[in-house]
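To keep things clear, I will list the structure first and then write my remarks on it.
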Amino acid sequence: MTPDEALSLDQLAIEQKFELEDLLDKGSLGEMCRSFESLFELPVRIYSSSGALLADTQGVPSLYRYLEKAKAGRRAVQDVATGVRRAEPLPGAPVLIEGVPGVLYQASLIEHEGRSLGRIILGPYTDDSQNEPPAALFDLVEELAGEGIAQEWANLPSLSSLAIGRLERHLRATLELLLFSGLKAHMASHMHMASVRESFRELSERNQKLKDAYERLKELDRLKSNFLATVSHELRTPLTSIIGYSEMLLEGIAGEVQEEQKEFVETIHEKGEQLLELIKSLLDLSKLESGTMSLHKVATTGDAIVKDVVSTLTPTAHKKGVYLLSASEADLPPMLADPERMRQVLINLTENALKFTPKGGSVTLSAVHKKEAASDMGGGGSVLMGAVRRSVIEFSVADTGIGISDAEKKRVFDAFYQVDSSSTREAGGTGLGLSIVQRLVDGHDGKISIEDNDPQGSVFIVTVPLKKPPTT
Amino acid sequence: MQLDFATKEMTIKLVYYGPALSGKTTNLQALHAAASGDSKGRLMTLDTRDDRTLFFDLLPLSFEDASGLKVRLKVFTVPGQVIHSSTRRLVVQGADGVAFIADSRVAETETNAESFVDLRDNLEAHGMLLGEMPLVIQFNKRDLPAVRPKDEVAEMAQAGREPVYLAIATQGDGVVETFLALLYQTWKRLEKEHTLSEKFGFDGRAFIANVAEKLGFQGSIEDVLAHAVGATSLGEVGE
Ligand SMILES: Nc1nc2c(ncn2[C@@H]2O[C@H](COP(=O)(O)OP(=O)(O)OP(=O)(O)O)[C@@H](O)[C@H]2O)c(=O)[nH]1
Ligand SMILES: Nc1ncnc2c1ncn2[C@@H]1O[C@H](COP(=O)(O)OP(=O)(O)OP(=O)(O)O)[C@@H](O)[C@H]1O
Ligand SMILES: [Mg+2]
Ligand SMILES: [Mg+2]
């Protein structure tokens, strides 16, 4: 039965739309009837209400075979089946049928909650008060001179009406129990299937809702990035004018500026530059978020970038009294990367390192060539993936500064996130640097991680593959 | 409800709803024990090894009215555990009346409320409104400590419109009253909708009195309703 053909709970329990054969296993029913017959020597036949024969232990009694040898006997035997079929037992009121003279059958109803589901036919048997075959039976086989008929008669089970009633009740009770278990199993399997279907429907509905909500959020996110990009762009234009004009004022193009005025204009210029940096970062971030920043990847050597960054930031390090060192491997193979963006990554990391390292400490940049197992790329199947190794350039920026706790290591990459400590507040900044770094590294199919430096400080490690990995 | 005009049979579906372990199955067992032999069928339980209802329990009862109408009552319980929500929805479909079995313990207050909301939602899923469903509420497990006091239950009961009963299902207390009140509520609703008295000459009050007798309850439907917590008047009886 497919689930759709299965009856519903109400059809089973309320309308009771089922037949005997739906609930009983035919094989087991046959076995039960045979065991009943071997125990009580009384043949059994079971019909469903549709007339289907579900079990039969009756065979042809040898008496009938004997009778069939005579013409009248044959006719009488043929009429037995019809007689039995026509019997109409009522609930709790079995009907007695005489097959051939003196040979009895009993028909009774199989009921379930007042509904008839089928019939039980017991027999043939003889009444135990009748020791001899009746005269009418002899008449049927006149031409055989009655020889042997007493023997055949004696072969039939002989029962009192009390005994047959008891056997009938026993068999019916057993059948009704079987029926009940059958119905119970039927309902259980029905409910099981229906519940599974219902849960599935519910889950699908929820999935659809989640999907819709996700689409809406994505759309909002896109709008936000767009907004950020437009606003930052519109802010930048007037700001460049402010910076330009304050520069011109300082250069004396508009005439001599007094000492005090100069100081004010210098502050305007400096704050303007800071604001411009912030806007640029925002613009970068929104471009990165919307995926509209294009990377110009070319063959780039890692040690060249490191050298460049060190020379750019040496004056800053000097001012702060922090040693800035580089320790790159010689003859690094070239990698496919956007050199300007990789430089931005290392500048950001090194600026942070200098910012959070007190006077007398050191910051060390390095670039080395490594092979890493591809299973580190995340995702399962390490037993398969572990075999694949890829070539990477590993950059590291190690400082001896204040360090980052494990709990903060993940969060520092969030936009605008700053570890809440007095040193950060002193150091200033907006908390955008690392989120931009993270996205630039992603754009290079690379990875970034933070480790603790020994004995103190942090190490930011960036790995960039030499080639783009085959897309999986 | 199902009406068969040819055989003069009416089948009514009653559902016992409520949170896990509130005593729904116990109610049905007590009802089965109370019913006299000729009116009850076999109690079918579809449960797990630790006696938690998995799909439902089903107690078939049948009675005959003086008019000759055969009335079959199919009394179901739902599985109370939260995870079986979809099964509850299937079982409650087509219910003619609902008995909500609550656990009286104060600590179960929230669980009872959640299950009641679940009932409302599951009825709504079939386009049925809780407000239109014949309903009886039972506060079971009165024998346990830390139960909500009777006065409080009575006060809340007066605010609502459905009859509320106290019960100790394990001892059979309040079980038959709850059932008879549910049958009464359900009959009032069916009479209104199908005018059974007109169509079949069906006398609901006599019928319920007959059922009460078969369940061993001494008294009339008025007595049943008077047993409800916070019942103040018998005014609505027979309207
Ligand atoms: N003390 C006490 N225990 C009760 C009472 N009624 C039920 N119980 C017990 O509470 C437990 C749960 O009863 P059930 O009838 O199986 O509960 P249920 O509501 O059918 O539970 P689910 O099938 O899981 O939804 C059983 O151990 C009962 O014996 C009561 O009135 N008093
Ligand atoms: N090398 C480091 N040592 C200790 N803490 C660090 C280090 N690098 C970053 N952090 C912590 O991570 C936070 C986020 O860094 P991020 O570069 O994103 O922002 P920022 O440097 O505060 O501001 P911005 O870079 O936008 O000017 C910092 O505020 C700081 O708390
Ligand atoms: Mg920074
Ligand atoms: Mg139960």
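The values are calculated or read from the model by the stated rules, or taken from the named source; none is laboratory data. Just so it is clear, the structure is predicted and the values come from calculations on it, not from any experiment. Virtual Cβ from ideal backbone geometry, glycine too; neighbours counted across all protein chains shown. With ligands, DNA and RNA removed, areas are computed over all heavy atoms of the protein, side chains included. Shrake-Rupley method; radii C 1.70, N 1.55, O 1.52, S 1.80 Å.
What is the range A:3-201 by shape, rounded, prolate or oblate, if you read a ≥ b ≥ c off the alpha carbon gyration tensor as root eigenvalues and call it rounded for a/c under 1.5, prolate for a/b larger than b/c, and oblate otherwise? Numbers along the way, then the final one.
Values: a/c = 3.03, a/b = 2.74, b/c = 1.11.
It is prolate, given that a/c is not under 1.5 and a/b is the larger ratio.
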Tilt, helix A:339-355 to longest principal axis of chain A (alpha-carbon atoms), in degrees rounded to tens, equals 80 degrees
Provide the per residue accessible area, probe 1.4 Å, for the range B:1-158, rounded to a whole number of square angstrom.
-> 41 Å²
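Which helices of chain B meet both criteria: a Cα extent of 27 Å or more along the helical axis and a mean Kyte-Doolittle score no lower than -1.0, with helices taken as whole DSSP H segments?
Values: long enough: B:175-194 (28 Å, -0.25).
Membrane-span-like by this criterion, though nothing is claimed about a membrane: B:175-194.
Ranked from highest to lowest mean number of other Cβ atoms within 10 Å per residue, what is the order of the peptides B:91-102, A:351-362?
Going from most to least packed, we get B:91-102, A:351-362.
How much length is gained if the chain between A:Asp127 and A:His318 is pulled fully straight, taking 0.36 nm per residue apart and subtracting their Cα-Cα distance, in nm to one decimal? All intermediate terms of the calculation are to be shown ahead of the outcome.
On the way: separation 191, 0.36 × 191 = 68.76 nm, distance 12.43 nm.
Result: 56.3 nm gained on full extension.
Grab the other residues whose beta carbon is less than 15 angstrom from that of A:Glu37, score K and R as +1, D and E as -1, and report the net.
On the way: positive: A:Arg34, A:Arg45; negative: A:Glu31, A:Glu41, A:Asp56, A:Glu168.
So the environment of A:Glu37 carries a net charge of -2.
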Taking amide H positions as placed 1.01 Å from N in the peptide plane, with prolines and chain starts having none, which residues 5 or more places from A:Ile110, or on another chain, fall under 5 Å of its amide H?
-> A:Leu117, A:Gly118, A:Arg119, A:Ile120
Chain pair A, B: how much accessible area is buried, both chains summed, with a 1.4 Å probe, in Å² to 100?
-> 2000 Å²
Taking every C-alpha to C-alpha distance in the range A:39-128 and binning by 10 Å from 0, the per-bin percentages run 16, 48, 29, 7, 1
Rounded to 10°, Cα long-axis angle of helix A:161-250 versus longest principal axis of chain A = 10 degrees
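Leaving ligands, DNA and RNA out of it, report the carbon-plus-sulfur percent of the accessible area of the range B:34-128 at a 1.4 Å probe.
On the way: 1820 of 3740 Å².
Whole-percent figure for carbon plus sulfur exposure: 49.
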What share of all Cα pairs of the range B:89-191, in percent, falls into each consecutive 5 Å distance bin?
-> 2, 13, 21, 24, 21, 12, 5, 1, 0
Per residue of the range B:8-16, in order, report the coupling 6.51 cos²θ - 1.76 cosθ + 1.60 (Karplus, θ = phi - 60°) as ³J(HN,Hα) in whole Hz, putting x for Gly and Pro.
-> 6, 10, 10, 10, 10, 10, 10, 10, 8
Report the residues of the range B:60-87 in range of a label on A:Glu205: point 7 Å along Cα→C-beta, backbone N strictly under 16 Å from it.
-> B:84-87
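Considering only protein heavy atoms and a probe of 1.4 Å, how much of the accessible area of chain A is carbon and sulfur, as a whole percent? Let's see the in-between values first.
Numbers: 14390 of 26520 Å².
That fraction is 54 percent.
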Helix A:26-40 sits at what angle to the longest principal axis of chain A, using alpha carbons and giving 0 to 90 degrees rounded to 10?
-> 40 degrees
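Show me B:26-36, A:69-79 ranked by packing, highest mean number of other Cβ atoms within 10 Å first. Can you show the working numbers first?
On the way: B:26-36: 20.0, A:69-79: 15.6.
Most protected by this proxy first, the peptides run B:26-36, A:69-79.
So, by mean Cβ neighbours within 10 angstrom, what's the order for A:15-22, B:130-137, A:160-167 with the highest one leading? Each step should come with its number before you reach the end.
On the way: A:15-22: 16.8, B:130-137: 18.6, A:160-167: 14.6.
Descending packing order for the listed peptides: B:130-137, A:15-22, A:160-167.
Can you pull the mean other chain C-beta count within 10 Å for peptide A:192-200? Mind showing how you got there, number by number?
On the way: counts 4, 0, 6, 11, 2, 2, 7, 6, 1.
Mean number of neighbouring Cβ atoms from other chains: 4.
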Threshold 50 Å², the range A:165-191 residues less accessible with all protein chains present than alone (1.4 Å probe) = A:Phe180, A:Lys184, A:Met191
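For peptide A:105-113, compute the average count of partner chain beta-carbon atoms within 10 Å of each residue's beta-carbon.
Values: counts 0, 0, 0, 0, 0, 0, 0, 3, 8.
Per residue, the number of nearby Cβ atoms from other chains is 1 on average.
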Taking the protein assembly as shown and counting helices only, DSSP H stretches of n ≥ 4 at -39,500 (n - 2.57) each over all residues, the nearest-500 ellipticity at 222 nm comes to -15000 deg cm²/dmol
Any residue on another chain or 5+ positions along whose placed amide H is under 5 Å from the amide H of B:Gly18 is listed here as B:Ile101
Label point distance in nm, B:His126-B:Gln171, each placed 7 Å from Cα along Cα→Cβ | 3.5 nm
FRET efficiency, A:Ala72 to A:Ser160 (Cβ-Cβ, R0 41 Å, nearest 0.05) = 0.85
Tell me which residues come under 5 Å, amide H to amide H, from A:Ser328 once H is placed; ignore anything under 5 positions away on its chain.
-> A:Ala367
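Give me the accessible area per residue for the range A:3-201, probe 1.4 Å, as a whole number in Å². Provide the component values of the computation, followed by the final result.
Working: 9960 Å² over 199 residues.
I get 50 Å² per residue for this part.
Would you please give the FRET efficiency between A:Thr57 and B:Leu3, computed as 1/(1 + (r/R0)^6) with r the Cβ-Cβ distance and R0 = 41 Å, to the nearest 0.05? Show your work: numbers first, answer last.
Details: r = 42 Å, r/R0 = 1.02.
Efficiency for this residue pair is about 0.50.
Could you work out the Kirkwood radius for the range A:218-289, taking every pair of different alpha carbons, averaging 1/r and inverting it, reported in Å?
On the way: mean 1/r = 0.0732 Å⁻¹.
After inverting the mean inverse Cα-Cα distance, the result is 13.7 Å.
Let me know the whole percent of all Cα-Cα pairs from the protein assembly as shown that are separated by more than 52 Å. It would help to have the intermediate numbers written out before the result.
On the way: 128336 of 252405 pairs.
Cα-Cα pairs of the protein assembly as shown separated by over 52 Å account for 51 percent.
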Compute the accessible area of each residue in the range B:1-25 twice, once for its chain alone and once with every protein chain present, using a 1.4 Å probe on heavy atoms, and list those whose area falls by at least 10 Å².
-> B:Gln2, B:Thr11, B:Lys13
The simple spin-label model distance between A:Ala330 and A:Phe180, using points 7 Å out along Cα→Cβ, in nm, is 9.5 nm
Leaving out same-chain residues fewer than 8 places away, which lysines sit with a Cα under 24 Å from that of B:Lys188?
-> B:Lys8, B:Lys13, B:Lys24, B:Lys40, B:Lys70, B:Lys74, B:Lys199, B:Lys214
So for the pair A:Asp420, B:Glu155, with labels modelled 7 Å out along Cα→Cβ, what separation do we get in nm?
-> 4.4 nm
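From the Cα gyration tensor of the range B:2-122, with a ≥ b ≥ c the square roots of its eigenvalues, which class applies: rounded if a/c is under 1.5, or else prolate if a/b is larger than b/c, or else oblate? Display every interim value, and only then the final one.
On the way: a/c = 2.19, a/b = 1.76, b/c = 1.24.
Here the range B:2-122 falls in the prolate category.
Expressed in whole Å with the largest first, what are the equivalent ellipsoid semi-axes of the range B:2-226 derived from the C-alpha gyration tensor as the square root of 5 times each eigenvalue? Could you put the intermediate results ahead of the total?
Details: eigenvalues 142, 74, 63 Å².
With the √(5λ) rule applied to the range B:2-226, the semi-axes are 27, 19, 18 Å.
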With every protein chain left in place, what is the accessible area per residue of the range A:214-282 in square angstrom, probe 1.4 Å?
-> 77 Å²
In 10 Å bins starting at 0, how do the alpha-carbon pair distances of the range B:54-102 split up by percent?
-> 22, 46, 21, 10, 1
Would you list, by chain and number, the lysines whose Cα falls below 28 Å from the Cα of A:Lys370, excluding same-chain residues fewer than 8 positions away?
-> A:Lys297, A:Lys307, A:Lys409, A:Lys410, A:Lys447, A:Lys467, A:Lys468
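Mind checking B:83-95 for the average number of partner chain beta-carbons within 10 Å of each residue's beta-carbon? Each step should come with its number before you reach the end.
On the way: counts 1, 2, 4, 10, 8, 2, 5, 9, 6, 0, 3, 5, 0.
Across the residues of B:83-95, the mean count of other-chain Cβ atoms within 10 Å is 4.
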